[in-house]
Amino acid sequence: MRKRRVSVRILLPLIMSISIAVCILTCMLLFSHYLSVFIVDSAEKEVKKQKEALAQGIEQEIEDISDLINTIYYQNIKINDFSDEEFSKLLCNIFNDNSDRVYSISIYDIDGNCIFNTRKDNEKNVVNKVWFNNSVENIESIQFGDDELVCNTSVKRVIPVSKYIEYARSNRMNQGVLCVTFYTDYIEQILNNYGSTLNEYCYLVDANNELLYHPYMRAIESDLYEEKTLEKVQNIEKNNIVRNEGTNWIIYKQQLGYTGWNVVVVNSLSYIKNDNLNIYYVVWLILLIIGAVLITLDVVLLKNFTDPIYKLLRTMESFGRGNYEIKADENGIGELKVLSEQFNVMAEKLQKQMDEIRRNEHEKRKMEKKLLQSQINPHFLYNTLDSIIWMIQSGEYCGAEQMVSLLAKFFRISLSQGKDIIPLKKELEHATSYLAIQNIRFKDKFEFHVHADSELTKYLCPKLIIQPLLENAIYHGMEGMYDDGEIDINVYEKDGIINIDVVDNGLGMTEDKIDYIMHNKVVSSKRGSGIGVRNVNERIRLIYGEQYGISMISELDEGTTAKIMIPMLEEVDDK
């Protein structure tokens, strides 16, 4: 009962301290949440208000442009004959009256030929222009083209605005397109009034999401600045809060009439919150002071009881950092002493388990090395070396030298510095070395060809997956053939999957034999590498999944095709 009373005396103040801390933390979180919501809501309202003001100003300018277009058409072109001498004067007067905002007025016939232009530099090939084709296809609406740079007294941006028209020429009605090219100065002036900064700015995009205006347009054109919210604007209908490079952005956009343009207002939410951090700090400080006073009172009461806990905590922290030899002092009262004792028991058991894991890992690495070494069958090495000795004794030094070089390359790639996954290029080199060695041994009994897309050889594959199929083709497909054999290795991509086909023109196999090879632990021959087709198939599926692996198709007296399917995976730089 005495220990029970001591435990309650410790537990009650601890619960009180935790309750105080939780209440203070909850108040801080709730305040932060509601203040953040208030800031975001206020920022969104302000951005929306600014967006609507910008959109209203630009739409008014677009309406003025449309009115001018309609005035030119309905009050001049529609009621006058093109062949009349006064016709050109009327259009020139309109141009002169609006020269501060209009760069040129031009008329094109339906074939794209310029029949009137207030400037001498007639634009050619307008039939390839989007605005011309849109005007011909949509005869009821005014079309806005892409912005262009022109040089008048200075370099300026202009936008062609066009409309399908019908005009009289020598009392005969014709079809064409009226194009009035406007300076963007008025639109840019409206947008410049926004007072853009790096954290708060606006820009204008066309229907293809191409920039028409940006406060940092020159920097963008010089590749000194990149508008990173541009891609996200396509997926935003009206407004959204998106995250880009660690910063939250409020993005509002609004379509401007029937032009297809969108005015976009971007505001850094993180910057707005940073401006209001002082409010957070003041309230947090008040709450922390209150909490500190309350917790200090608890600490004074708990000091005599918590010292053993702190000592045990420091011991646990040291143990967590890797000092597994440390032991907790088994002192204190009641449950604290039992806790220290149980920690020491747990630490001792954990140390034993870690020692056992280290031993198992060491044994596992040794077994993996042995398994790697056992993949190369001594019979293949013995027969190859025997062939080399025979060639030297027969005076075929060049062939012996070639065979030794191929054998060295074969084993170098087989080992691959202990790596199990290697580039497909190395695997093909390994397969080519093996075929070349076998071809020398069998006196050119067969021909082989490797057809691989160079773009695919950079992808990774498990090593030693092609050689077993080549062994199967040589020792089973070619066995008993009187004519010369052919073996082709074809590497290609289909539906995002790398396919490696090993094709021979051998005697072929029955379905039962294929099934036996694919589902039994078979090696190709005592003269081969000792790696069974089934083992390779299981290895590929274990690494990549059941949808990958080996399949075989064969017809008697026609040959066999063995197909390997692996995914397209590249080596990743660990930096």
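The values are calculated or read from the model by the stated rules, or taken from the named source; none is laboratory data. The structure displayed is predicted, hence computed values, not measured ones. Heads up, the Cβs are rebuilt from the backbone with ideal geometry, glycines too, and the neighbour counts pull from every protein chain shown. We work out accessible area using only protein heavy atoms, side chains counted, and drop any ligands, DNA or RNA first. Shrake-Rupley method; radii C 1.70, N 1.55, O 1.52, S 1.80 Å.
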Greater than 19 Å separation of Cα atoms is the criterion. Which listed pairs, 129/163; 48/253; 49/232; 426/458, meet it?
49/232
Calculate, for residue 29 and residue 450, the FRET efficiency according to 1/(1 + (r/R0)^6) with r their C-beta to C-beta distance and R0 45 Å; round to the nearest 0.05.
0.10
Based only on Cα atoms, what mean projected area does the convex hull of the chain have, in nm²?
49.6
Let me have the relative contact order for the chain, percent, based on Cα pairs under 8 Å that are six or more residues apart.
9
Using a 1.4 angstrom probe on the protein heavy atoms only, line up 90, 556 by accessible area, largest first.
556, 90
Dipole magnitude (debye, nearest 20) for segment 80-187, charges at Cβ of Lys, Arg, Asp, Glu:
220
Cβ-defined net charge surrounding residue 494, 15 Å radius [Lys, Arg +1; Asp, Glu -1]
-4
The answer for the net charge of residues other than residue 168 whose Cβ lies under 15 angstrom from its Cβ, with Lys and Arg +1 and Asp and Glu -1, is -3
Take the alpha carbon gyration tensor of segment 180-225, find the square roots of its eigenvalues, order them as a ≥ b ≥ c, and report rounded if a/c is under 1.5; if not, report prolate when a/b exceeds b/c, else oblate.
oblate
By the Kirkwood definition, with r running over pairs of different Cα atoms, segment 211-312 has a hydrodynamic radius in Å of 18.5
Along the principal axes of its C-alpha atoms, what lengths does segment 80-187 span, in descending order and rounded to whole Å?
41, 30, 23
